[in-house]
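What follows is one structure encoded as structure tokens, with my remarks underneath.
The values are calculated or read from the model by the stated rules, or taken from the named source; none is laboratory data. Note that the structure is predicted; figures quoted are calculated from it, not measured. Using ideal geometry, Cβ is built from the backbone for each residue, glycine included, and neighbour counts are taken over all protein chains shown.
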Amino acid sequence: MPPNQRRSFEDLVAEGVAVPTEGWDFSWFEGRATEERPSWGYAVSLAERLGEATAALDLQTGGGEVLDFALGRAVKTPVLTAATEGWPPNVAKAGALLRPRGTVVVAAAEDAALPFADAQFDLVSSRHPVTPNWPEIARVLEPGGTYFAQHVGPRSVFELVEYFLGPLPAERSAVRRPDRERAGAEAAGLEIVDLRSERLHIEFYDIAAVVHFLRKVVWMVPDFTVEAYEDRLRALHERIETQGPFVAHSTRHLFDVRKIAPVHS
């Protein structure tokens, strides 16, 4: 694009600030950023699992977009489908989206006990939980039931995070490691059926995409505001304009976990 047709830093930042952040619909990023998707196709795979489930629970459902997609693709839906979410704007959005599908959306903090009975579900799912509460997942699963989830892995999008925060301490790199999460699941009495990890390519094409991403995924740069990081944002804008997209990498892992059924003699 010729320089005189390029949008200004101020215009792009204003657009990134204006976009609503509720839910997990990332369609706004089309043409502004790209992220490679894991090979296992989580949402389609979840649809297959839902088609076989009797009672299903989706944890930290966000705006309900992934669960809504999967329910729409399932050959049949569970008799009972419930979802939890902790952020009030997302609770409202998920309720409006999922209620027509017969799904009960419950407000529940991510670190709180789940408001459900023991062994109530044969399928528990989650896409990108902040932290999996393994004891609670095990409690609400019936024996032989499955936890099927896609987790964010360690050092995800750290190129962008460290651009703003500088080099992070080694302990930040250990967070969300799949081997640690495996140990937590097994300690709660769950059996790992399958665990896969992938590192995926991301590109940000303009500073509006960066601003919106950091506003939406708030744990990346927890104190992020445009005002606090204006100098770094402006420098990154110039870098993208002169050198091309900012490249980062996400990490994802897929958990297929089963609650061990008691052995009767």
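Considering the range 196-212, and only residues there that are in contact with a strand residue (DSSP E or B) (Cβ under 6 Å, 6 or more places away or on another chain) and among the hydrophobic types (A, V, I, L, M, F, W, C), the residue that is surrounded by the fewest Cβ atoms within 10 Å (Cβ to Cβ) turns out to be L200.
One line per residue, one yes/no per condition, for (1) of a type in the set (D, E, K, R); (2) surrounded by fewer than 19 Cβ atoms within 10 Å (Cβ to Cβ); (3) at pLDDT 95 or above; (4) in contact with a Ser or Thr (Cβ under 9 Å, 6 or more places away or on another chain):
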site	(1), (2), (3), (4)
G23	no, no, no, no
T34	no, yes, yes, no
R49	yes, yes, yes, yes
T61	no, no, yes, yes
P78	no, no, yes, yes
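Taking the listed residues E162, E181, the one that is more than 25 Å from T61 (Cα to Cα) and at pLDDT 95 or above is E162, with no other qualifying. For A18, the conditions (1) touching a residue at least 60 places away in the same chain (Cβ under 8 Å); (2) more than 21 Å from the chain's Cα centre (by Cα); (3) exposed (fewer than 14 other Cβ atoms within 10 Å of the Cβ) are fulfilled apart from (1). When each of R239, R234, R215 is tested for being in contact with a strand residue (DSSP E or B) (Cβ under 8 Å, 6 or more places away or on another chain) and not in a strand (DSSP E or B), the lone residue that passes is R239.
Applying the set (1) in a helix (DSSP H, G or I); (2) hydrophobic (A, V, I, L, M, F, W, C); (3) free of Cβ contacts under 8 Å to residues at least 60 places away in the same chain; (4) closer than 30 Å to P143 by Cβ to A82 leaves exactly one unmet item: (1).
Scanning the range 183-210 for residues that are under 30 Å from V140 (Cα atoms) and either in a strand (DSSP E or B) or among the charged types (D, E, K, R) (or both) returns E186, L190, E191, I192, V193, D194, L195, R196, S197, E198.
Scoring A174 on the criteria (1) aliphatic (A, V, I, L, M); (2) modelled with pLDDT under 95; (3) more than 21 Å from the chain's Cα centre (by Cα) leaves a single failure, condition (3).
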